[in-house]
Structures are given as structure tokens and as C-alpha cells.
Amino acid sequence: WTLGLYHARPWGSWARFGTLSMNLDPVRPDTDLRFDAVLNPVPGAAVYEWTRRLREPSYSRAREPAPGP
């Protein structure tokens with residue numbers, strides 16, 4: 001899985017600044033790995049309050065335990 005990473009200024013054009021590539025093991029998926037930008041923001045990165053409120057419901061749901069087999 002490969003994603004292009006882009007940024008732009010307001011009303012500016014998008015500029016690619018990197019690529020994120022992931023190699024997911026289909027035989028043994030890592031289902032215990034979780035990321036939470038609401039509870040664990042990137043140190044030094046400012047987060048707008050409206051984005052935190054927008055993300056909270058999704059991350060709250062993702063924090064719930066995964067269903068059993």
C-alpha cells in the first residue's frame with residue numbers, strides 16, 4: 001500500500017512532500033496496533049480544537065475492544 005503525502009497553503013496548490021509505503025502481512029495482521037491522534041497528539045504539533053472535536057467520535061469508537069472471534 002503506497003500513499004502520496006501532500007501539503008498546501010490556503011488557496012494554494014498541493015505539493016507532494018513524501019511517500020508512505022506499508023507492507024501489510026496478510027497472513028498475520030497486527031490487529032492490536034492502535035493510533036490515537038486525540039489522546040496522543042504528535043509532540044509539538046498544534047491541533048485545532050474543531051479538528052479534535054471532529055475526530056473524537058471516531059477515535060472513541062476505535063478505542064473500544066475489537067470483537068472476539
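The values are calculated or read from the model by the stated rules, or taken from the named source; none is laboratory data. Keep in mind that this is a model prediction, so the values were computed, not measured. When we count neighbours, we look across all protein chains shown, and the Cβ atoms used for this are built from the backbone with ideal geometry, even at glycine. The area values use the complete protein model at the heavy-atom level, side chains included, leaving out ligands, DNA and RNA. Shrake-Rupley method; radii C 1.70, N 1.55, O 1.52, S 1.80 Å.
Rounded to whole numbers, the Karplus 3J(HN,Hα) couplings from phi for the range 50-57 are 5, 6, 5, 5, 5, 7, 3, x Hz, using 6.51 cos²θ - 1.76 cosθ + 1.60 with θ = phi - 60°, and x at Gly and Pro. Per atom type, the chain shows carbon and sulfur on 59% of its accessible surface, probed at 1.4 Å.
Net length available on complete extension from W50 to R34 is 3.5 nm, with 0.36 nm assigned per residue and the Cα-Cα distance removed. Of all segments of the chain bounded by chymotrypsin sites (Phe, Trp or Tyr not before Pro) found in a DSSP loop with no more than 16 other C-beta atoms within 10 Å, the longest spans 49-69. Averaged over its residues, the chain has an accessible area of 98 Å² per residue, based on protein heavy atoms and a 1.4 Å probe.
Can you bin the chain into rounded, prolate or oblate? Criterion: square roots of the alpha carbon gyration tensor eigenvalues sorted a ≥ b ≥ c, rounded for a/c under 1.5, prolate for a/b above b/c, oblate for the rest. The partial results should precede the final answer.
Working: a/c = 2.68, a/b = 1.28, b/c = 2.09.
Note, shape of the chain comes out oblate.
Its DSSP H runs of at least 4 residues, each contributing -39,500 (n - 2.57), put the calculated 222 nm mean residue ellipticity of the chain at -7000 deg cm²/dmol, to the nearest 500.
Count charges around S60 for me, please; just the other residues with Cβ under 14 Å from its Cβ, Lys/Arg as +1, Asp/Glu as -1. Write out the running numbers ahead of the final one.
Numbers: positive: R34, R52, R53, R55, R61, R63; negative: D36, E56, E64.
For residues surrounding S60, the net value is +3.
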